[in-house]
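**Q** Pasting a structure here, questions to come.
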Amino acid sequence: MTTATPPHRIPYRANLWALRSLGVRQVLAPSAVGSLKAEHGPGAIVVPDQLVDRTSGRVQTYYDAGGAVHVSFADPYCPTGRAVAVSAARSGGWDIVDGGTLVVIEGPRFSTRAESQWFARNGWTIVGMTGFPEAVLARELALCYTSLSLVTDHDAGVEAGEGVTHEEVLRFFATNVTKMRSLVADAVEALPQERTCACGSALDGIKLPFDLP
Ligand SMILES: [Zn+2]
């Protein structure tokens, strides 16, 4: 999401820890992304089911000392949260894409044309700067995590894409932010009170070096 803090400086660990400390267990994460597919243009909402990490230098674990903790991350997103988000977006009349791969780049610069073409050739769907390490940190705290990715433009490597500018992204996001807020509110309303997904068991059988809040 567009913010005063650049994406590579967001305190991801502190944010997720704070949510968990407040009793939050299900996280919906709206963000602005570029599309790597000609058919998904500005205004589409992608609810990805896969993620590729192309960041560098971001701390991506809570467990750096006191023993190794290896969480499963084969499926990085909560299946229940995804289904709820897709259904809420559909009801809200959004152009919704159920599934896809989000590649998270380090930023703050946008991709080169060659990088973007490479991402597209790999079959990846959207590119952003904020979805990682947030997703894995949520898993490390046994939280449900769902990405709601709003396409603001076509990335540089897509046929329809001329290359992205900062101004374009901000302008597009600003015109959609109210609509996005109401989508998040609808999705929150539709989330189950009790979790039946596996996210809450992510740390079962693992010896943690400290207690979680
Ligand atoms: Zn879950």
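The values are calculated or read from the model by the stated rules, or taken from the named source; none is laboratory data. Predicted, not measured: the structure shown is a model, and the values here were computed from it. Cβ sites come from the backbone with ideal geometry, for glycine too, and all protein chains shown count toward neighbours. We work out accessible area using only protein heavy atoms, side chains counted, and drop any ligands, DNA or RNA first. Shrake-Rupley method; radii C 1.70, N 1.55, O 1.52, S 1.80 Å.
**Q** Kindly provide the set of residues from region 138-182 that are within 15 Å of the ligand (Cβ to nearest atom) and over 22 Å from Pro108 (Cα atoms), ordered by number.
**A** Across region 138-182, the qualifying residues are Ala138, Arg139, Glu140, Leu141, Ala142, Leu143, Cys144, Tyr145, Thr146.
**Q** Residue under question is Gly107, and the condition is that it be away from the ligand (no atom under 16 Å from the Cβ), farther than 29 Å from Val188 by Cα and open to solvent by less than 30 Å² (accessible area, probe 1.4 Å); does it hold?
**A** In short, yes.
**Q** Has region 55-71 got any residue that is open to solvent by less than 40 Å² (accessible area, probe 1.4 Å) and farther than 30 Å from Phe210 by Cα?
**A** The answer is no, given that none of the residues of region 55-71 is open to solvent by less than 40 Å² (accessible area, probe 1.4 Å) and farther than 30 Å from Phe210 by Cα.
**Q** A further question on this structure: When the residues of region 89-103 are narrowed to those that are in contact (Cβ under 8 Å) with a residue 60 or more places away in the chain and over 15 Å from the mean Cα position of the chain (by Cα), which ends up surrounded by the most Cβ atoms within 10 Å (Cβ to Cβ)?
**A** Step by step, filter region 89-103, then rank; the result is Ala89.
**Q** Another one. Return a yes/no flag: does region 159-178 have any residue that is among the aliphatic types (A, V, I, L, M) and open to solvent by less than 10 Å² (accessible area, probe 1.4 Å).
**A** no
**Q** So, one more: Can you work out which of the residues in region 180-189 that are among the charged types (D, E, K, R) and exposed (fewer than 15 other Cβ atoms within 10 Å of the Cβ) is modelled with the highest pLDDT?
**A** Glu189
**Q** Which members of region 17-40 meet the condition of being touching a Cys at 6+ places or on another chain (Cβ under 8 Å) and buried (at least 20 other Cβ atoms within 10 Å of the Cβ)?
**A** Gln26, Val27 - these are the residues of region 17-40 that are touching a Cys at 6+ places or on another chain (Cβ under 8 Å) and buried (at least 20 other Cβ atoms within 10 Å of the Cβ).
**Q** For Ala135, are the conditions met, namely being within 30 Å of Ala65 (Cβ to Cβ), within 14 Å of the ligand (Cβ to nearest atom) and touching a helix residue (DSSP H, G or I) at 6+ places or on another chain (Cβ under 6 Å)?
**A** It is false that Ala135 is within 30 Å of Ala65 (Cβ to Cβ), within 14 Å of the ligand (Cβ to nearest atom) and touching a helix residue (DSSP H, G or I) at 6+ places or on another chain (Cβ under 6 Å).
**Q** Would you say Val86 is closer than 18 Å to Ala32 by Cα and either open to solvent by less than 20 Å² (accessible area, probe 1.4 Å) or away from the ligand (no atom under 16 Å from the Cβ) (or both)?
**A** Here the answer is yes, as Val86 does meet what is asked.
**Q** Here's something else I'd like to know. Just name the residue that is farthest from Ala29 (Cα to Cα) out of those in region 190-213 that are outside any loop (DSSP other than H, G, I, E, B) and open to solvent by 50 Å² or more (accessible area, probe 1.4 Å).
**A** Ranking the candidates gives Ser201 first.
**Q** If I go through region 112-132 residue by residue, how many of them are open to solvent by 20 Å² or more (accessible area, probe 1.4 Å) and either within 16 Å of the ligand (Cβ to nearest atom) or in a loop (DSSP other than H, G, I, E, B) (or both)?
**A** 6
**Q** While we're looking at this one, here's another question. Could you give every pair whose Cβ atoms fall below 6 Å, whose first residue belongs to region 191-213 and is within 14 Å of the ligand (Cβ to nearest atom), and whose second residue is open to solvent by 70 Å² or more (accessible area, probe 1.4 Å), counting only separations of at least 6 or pairs across chains?
**A** Once the first residue is within 14 Å of the ligand (Cβ to nearest atom) and sits in region 191-213, its partners that are open to solvent by 70 Å² or more (accessible area, probe 1.4 Å) give Cys197/Pro79.
**Q** For residues that are in contact (Cβ under 8 Å) with a residue 40 or more places away in the chain and within 16 Å of the ligand (Cβ to nearest atom), tally how many sit in region 1-49.
**A** Matching residues across region 1-49 total 12.
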